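See below for the structure under consideration.
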Amino acid sequence: MILIISQYSDYATTQVINWLLYYKKKFVRINGDGCYHFLEISPENIIVEINNNHYNLLECNKYWYRRDGISSFQLSTNIEQISNRSDILQCIKYSIKNEIEIIKSHIYNKIENKIGFKNCIGNYTTRGVNKLDVLDKAKDCGLMTPRSVITTTKKKLEKILEEGKLVTKAASECIYDSDENNRYVSYTNEINTESLNLLPSTFMASLFQENIVKKYELRIFYLKGNFYPSVVFSQESKSGKIDCRRNSNCRYLPYKLPKEIMGKLNKLMKLLKLNTGSIDMIVDHNNNYIFLEVNPVGQFVAYGEFCNYYLDREMAKIL
């Protein structure tokens, strides 16, 4: 049986499951926002109850970690009530939160160790990577990367800007959120004289990178040593020149990566202990391939549809 850990809202998970149903593969899906509960966690068993059915997760022989599917709700039915009670000391609330996190981490470790890396796609441990560390490792693997610097002062930024154009981006994950009336997304933005003048003399430590003039962008889905590259013609519109996500009408086509680049990327993914992920690269007007980042749980269904890769089907085949 296949174990899938995700969230109800994840479209990619649902698409892959449609193919699992087509191939008549047995699976159990647990979602962080789902109504299920852990009944037992022991050396032999991890028993969950879903819709009055009991499943031993350690009996699964394949595993796909897509999103965090374990929350405090599945481990404690009254955690929110405890958090809101004023008669409980803050240190006790903090201790309870730590208890939940330790148990949660233990569950993931037991599942992933039992099933084994060869039979897993993604895992909890490598669900997120430090972008700054990855840039260093990419260099070690022979990949070109943008010149990057972190600073906290306007004076230093002005000096860096004299050396060439800059962009700023999140060093952590970008913001993707919404409420009833608005959608919130953080983008890569250009630093120019106008934006520089708006900055105070000192500010929070922020990441700045050289603004490389792109010939085009690459979105590369990596799965168990296989590459599925898409070229993104983001430079055809002004809105997509800095960040292609600002232009929803970019053209996507299948792309053939040079063997040398695939070799370096494969080396990097092994170094990061990732067997899946969405890789972002750009190609400049001198045909240099420049690595930007990798997202271990990045989107892949849309790019697969644009380029007829059918990545949801490929994922289901491997599972």
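Rounded to the nearest 10 degrees, what's the angle between the helix 11-22 long axis and the longest principal axis of the chain, both from Cα atoms, 0 to 90?
The angle comes out at about 50 degrees.
On a 0 to 90° scale, report how tilted helix 90-115 is relative to the longest principal axis of the chain, with both axes built from alpha carbons and the result rounded to the nearest 10.
90
Of the options Met281, Val48, Gly69, report the single residue whose Cα projects farthest towards the positive end of the charge dipole of the chain (beta-carbon charges: Lys, Arg +1; Asp, Glu -1).
Farthest towards the positive end: Met281.
Need the C-alpha centroid separation for the stretch 124-170 versus the stretch 1-60, integer Å.
A separation of 38 Å, based on Cα centres.
Which of the residue pairs Lys62/Lys270; Lys131/Lys155; Lys26/Lys139; Lys114/Lys169; Lys62/Lys215 have a Cα-Cα distance greater than 30 Å in the structure shown?
Table pairs above 30 Å Cα-Cα are Lys26/Lys139; Lys114/Lys169; Lys62/Lys215.
Multiplying the sequence separation of Lys259 and Lys155 by 0.36 nm and subtracting their Cα-Cα distance, what value in nm do you get?
33.2 nm
Can you figure out the FRET efficiency of Leu199 with Leu132, using R₀ = 30 Å and their beta-carbon distance, to the nearest 0.05?
0.90
When only Cα pairs under 8 Å and 6 or more residues apart are kept, what is the percent relative contact order across the stretch 176-238?
Once divided by the residue count of the stretch 176-238, the mean separation gives 19 percent.
Normalising by the residue count of the stretch 147-211, find the relative contact order in percent from Cα pairs under 8 Å and 6+ residues apart.
It comes to 55 percent, rounded to a whole number.
Tell me the net charge near Leu198. Cut-off is 14 Å between Cβ atoms, Leu198 excluded, with +1 for each Lys or Arg and -1 for each Asp or Glu.
-2
Mind checking the full-extension length gain between Lys215 and Asn266? Use 0.36 nm per residue of separation minus the Cα-Cα distance, one decimal, nm.
16.0 nm
Output the relative contact order of the chain, whole-number percent, from Cα pairs under 8 angstrom with separation of 6+ residues.
17 percent.
Work from the charge dipole of the stretch 2-121 (Cβ charges, +1 for Lys and Arg, -1 for Asp and Glu, about the Cα centre) and give the residue of Gly34, Ile121, Ile4 farthest towards its positive end.
Of the options given, the answer is Ile121.
Please give me the summed charge of the neighbours of Lys165: other residues whose Cβ is under 10 Å from its Cβ, Lys and Arg +1, Asp and Glu -1.
With Lys, Arg at +1 and Asp, Glu at -1, the neighbours total -3.
None of the figures in this text is laboratory data; all of them are computed from the coordinates on show. These numbers were taken from a predicted model, which means no experiment stands behind them. All Cβ positions, glycine included, derive from the backbone under ideal geometry; neighbour counts span all protein chains shown.
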